[in-house]
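All of the numbers you see were taken from the coordinates with simple rules; none came from a lab. Please read these numbers as outputs of a predicted model, since none were measured by experiment. Here the Cβ is made from the backbone with ideal geometry for all residues, glycine too, and neighbour counts use every protein chain on show.
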Amino acid sequence: MASQPTAATPPRDSVNHGLRFVVAWLVLSVIATPLVVIFVGPILPPGNMTTQAHEQIYDNTWLAAVSTPVLCLVVVFLVYAFVYFRAPKGGALVDGPPLREHAGIQVVWIVITSVTVLMLAAFGTYQLLQNGSGGGQGPSPVAVPAGASHNLAVQVIGQQWEWTFRYPSFGGVETHELVLPQHTSVTLHVTSLDVVHSFWAYQLGVKADANPGTDNVAYVQTRGPGTFQIRCAELCGLFHGYMFSTGRVVSATQFQSWAKTQEAIYKTIAKYVPPYAKTYICPAAGTSPTCSPQPTLRGG
Ligand SMILES: [Cu+2]
């Protein structure tokens with residue numbers, strides 16, 4: 001039904017605001033998106049210490065690129081509304097014409113947002129399946145990189161409130177520093193002695209929950225050399241905020257030399273430490289063949 005202009009519903013002006021808005025949004029998006037990819041992409045987190053972290057930067061760059069037009073939409077809408085739909089100075093505050101449903105806009109909106117979300121979900125799943133993307137996959141990983149059975153294994157043990165690292169291929173040596181050789185495929189076995197922690201090695205691009213009685217596996221391929229930050233990312237008690245340390249990615253020669261030194265130091269205390277096992281707390285006696293129940297020897 002054609003509406004007649006009344007005092008309550010002022011006549012529509014001749015300007016096609018919709019078209020002008022869409023053109024302004026498209027122009028800004030076409031300019032802003034490549035600038036974000038070129039200048040913001042390289043400084044996005046988490047870092048370049050592993051292939052997985054490097055790929056996460058790539059993923060984050062994609063996310064930033066896809067969300068740039070959305071940000072432009074909001075900015076253009078705000079600026080356009082401020083400029084063109086302000087109440088005239090000194091004029092009466094008059095409400096605009098009522099908004100009615102518009103099937104075309106609704107369909108376009110649903111299609112664009114659905115395609116965007118589904119595309120990102122498919123992209124994320126593909127990336128995840130390539131090499132695990134640095135995430136903890138539990139005791140039976142699905143996304144296993146090629147040749148993972150030859151990886152350097154390192155166990156990450158969380159307890160209130162520190163991290164310990166064990167190297168089963170170096171006599172089960174325990175250290176308080178995580179040192180990894182450059183250009184090496186590493187399998188991280190993350191577990192806990194008490195409550196739930198989360199092993200977050202920022203520049204390695206690794207985040208894996210440390211659950212008592214669980215061997216949570218994550219894969220990384222180191223790059224480096226350099227240092228990386230380790231934090232607990234799961235509230236685990238009073239001193240959770242102090243549960244952090246620094247790790248290093250070093251050359252293969254430096255790693256061998258460091259590991260041999262640690263092994264020599266460790267020999268004197270090895271008899272007091274439980275033998276290397278995938279977990280140190282059994283969920284229930286005899287339910288797991290890899291579980292070696294130990295009394296709570298470590299850390300008192
Ligand atoms: Cu914590």
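Numbers at a glance
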| item | result |
| --- | --- |
| Rounded Å value of the spacing that divides the Cα centres of segment 13-54 and segment 139-166 | 37 |
| Beta bridge orientation in the chain: antiparallel %, DSSP, nearest 5 | 70 |
| Per DSSP, loop chymotrypsin sites (Phe, Trp or Tyr not before Pro) in segment 204-277 with at most 12 further Cβ within 10 Å | PHE239 |
| Candidates HIS176, HIS54, HIS150: whichever shows maximal mean-square fluctuation once the chain is modelled as a Gaussian network with Cα springs under 10 Å | HIS150 |
| Proportion of all alpha-carbon pairs of segment 96-202 beyond 17 Å (%) | 68 |
| Estimated inter-spin distance, ILE110 and TYR80, nm [label 7 Å along Cα→Cβ] | 2.3 |
| Using alpha-carbon coordinates, inclination of helix 51-84 to the longest axis of the chain, degrees | 20 |
| Cβ charges +1 (Lys, Arg) and -1 (Asp, Glu), total dipole of the chain, debye | 300 |
| D (Stokes-Einstein, µm²/s), Kirkwood Cα radius, segment 148-272, 1.306 mPa s at 10 °C | 109 |
| Dipole magnitude (debye, nearest 20) for segment 148-272, charges at Cβ of Lys, Arg, Asp, Glu | 340 |
| The chain: calculated mean residue ellipticity at 222 nm from DSSP helix runs of at least 4, using -39500 (n - 2.57) | -11500 deg cm²/dmol |
| Listed residue (PHE239, VAL220, TRP163) projecting farthest to the positive dipole end of segment 148-272, Cβ model | VAL220 |
| Distance (nanometres) between label positions extended 7 Å along Cα→Cβ at GLN256 and ALA121 | 5.0 |
| C-alpha long axis of helix 103-131 to longest principal axis of the chain, angle in ° | 20 |
| Using a Förster distance of 25 Å, the FRET efficiency for HIS17-ALA64 (Cβ separation, nearest 0.05) | 0.30 |
| Values of log10 I(q)/I(0), in the order q = 0.13, 0.15, 0.17 Å⁻¹, for segment 1-149 under a Debye, Cα-only, solvent-free model | -0.81, -0.95, -1.10 |
| Once exposed loop GluC sites (Glu not before Pro) are cut out (DSSP; at most 14 other Cβ, 10 Å), longest piece of the chain | 178-300 |
| Cα-based Rg / Dmax (Å) for the chain | 28.0, 94 |
| Anisotropy class of segment 74-129 from Cα gyration tensor, a/c 1.5 cut | oblate |
